Amino acid sequence: MKTRAELKAMAKEQIKGKIGILFVITLIIVAISFAAGLVLSFIPGGGLIATIIITPAFTISLLRVYLNLANGVNPEVKDTFSGFDDFWSAFKVTFLVGLFTFLWSLLFIVPGIIKACSYSQATLIVAENKGMSALKAINLSKAMMEGHKMDYFILGLSFIGWEIVSAFTFGLLYIWLMPYMQATLINFYNDLKPAAPVAAEPETVTAE
């Protein structure tokens, strides 16, 4: 398995020259999410309803953008909406991962963190395998993360320094940092796949 330094070096190369379009895609998602919350604000809990409805599909869209990026495919604005072609799978995996993690967290924080790491690849698996059931994706994630949960946890912690620095730039550094972090996590996922029973991925993840 590749080291953290290797995963991060790959990520830097993958996002080089593409920060602008990645920022635009993220900005569109934020703007639409905000607008949806505003439109539904007249309903009690409307903002929460909007988030629950559209966030899972947008999450799949973003993951597909970075999966494609790892395969050398340049992101496009139309990719912002690719996750809506698998709306229910996105919703179900997001709901179940959140529910299972919450239930484990009731047993104390540490079990919740361990399970969050164990389920961490499920949404990515759904992003790559359209129509896959949420439970199957979660089980595949658990198989992938067997023996690698600490690696994933430490990888996440390794960005804390950058996040602290970003706070002193009024968040401007996040325009680069978020793609860097996401690309690194995608590389971690791709590095694990050969050792787990995940369906072979297409060279490009599309909405078709």
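The values are calculated or read from the model by the stated rules, or taken from the named source; none is laboratory data. A quick note: this is a predicted structure, and the numbers were derived from the prediction, not measured. Here the Cβ is made from the backbone with ideal geometry for all residues, glycine too, and neighbour counts use every protein chain on show.
General remarks:
- Filter result for LEU63 (in contact with a Leu (Cβ under 9 Å, 6 or more places away or on another chain), within 28 Å of GLN121 (Cβ to Cβ) and either free of Cβ contacts under 8 Å to residues at least 60 places away in the same chain or of a type outside the set (Lys, Arg) (or both)): yes
- Selection status of PRO56, closer than 15 Å to PHE23 by Cα, at pLDDT below 95 and either in contact with a helix residue (DSSP H, G or I) (Cβ under 8 Å, 6 or more places away or on another chain) or crowded, with 16+ Cβ neighbours inside 10 Å (or both): no
Yes/no matrix, rows are residues, columns are (1) of a type outside the set (A, V, I, L, M, F, W, C); (2) more than 15 Å from the chain's Cα centre (by Cα); (3) surrounded by fewer than 16 Cβ atoms within 10 Å (Cβ to Cβ):
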| residue | (1), (2), (3) |
| --- | --- |
| ILE28 | no, yes, yes |
| ILE32 | no, yes, yes |
| LEU38 | no, yes, yes |
| PHE42 | no, yes, yes |
| ILE49 | no, yes, yes |
| VAL73 | no, yes, no |
| VAL97 | no, no, no |
| PHE102 | no, yes, yes |
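- Within region 1-15, the presence of a residue that is β-branched (Val, Ile, Thr) and modelled with pLDDT under 90 is excluded.
- Verdict on PHE102 being part of a helix (DSSP H, G or I), free of Cβ contacts under 8 Å to residues at least 12 places away in the same chain, out of contact with any strand residue (DSSP E or B) (no Cβ under 8 Å at 6 or more places or on another chain) and among the aromatic types (Phe, Trp, Tyr): yes
- For region 167-195, taking the residues that are surrounded by 12 or more Cβ atoms within 10 Å (Cβ to Cβ) and at pLDDT below 90, the one that is nearest to SER141 (Cα to Cα) is identified as LYS193.
- Of the residues screened, SER120 is not one that is part of a helix (DSSP H, G or I), under 17 Å from the mean Cα position of the chain (by Cα) and at pLDDT 95 or above.
- Among the candidates SER120, SER89, residue that is within 23 Å of LEU22 (Cα to Cα) and without any contact (Cβ under 8 Å) to a residue 60 or more places away in the chain: SER120
- Looking only at region 125-163, and only at residues there that are small (Gly, Ala, Ser) and assigned to a helix (DSSP H, G or I), the one that is nearest to the chain's Cα centre (by Cα): ALA127
- Qualifying residue in region 136-144 (condition: in contact (Cβ under 8 Å) with a residue 40 or more places away in the chain, touching a helix residue (DSSP H, G or I) at 6+ places or on another chain (Cβ under 7 Å) and farther than 23 Å from PHE84 by Cα): yes
- Given (1) surrounded by 19 or more Cβ atoms within 10 Å (Cβ to Cβ); (2) touching a Lys or Arg at 6+ places or on another chain (Cβ under 8 Å); (3) modelled with pLDDT under 90; (4) not aromatic (Phe, Trp, Tyr), number of the condition VAL198 does not satisfy: (2)
- Qualifying residue in region 10-33 (condition: within 21 Å of ASP86 (Cα to Cα), part of a helix (DSSP H, G or I) and not hydrophobic (A, V, I, L, M, F, W, C)): yes
Residues checked against (1) under 14 Å from PHE188 (Cβ atoms); (2) touching a Phe, Trp or Tyr at 6+ places or on another chain (Cβ under 8 Å):
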site: ASN74; (1), (2): no, no
site: ASP79; (1), (2): no, no
site: PRO111; (1), (2): no, yes
site: ILE114; (1), (2): no, yes
site: LEU124; (1), (2): yes, yes
site: LYS142; (1), (2): no, yes
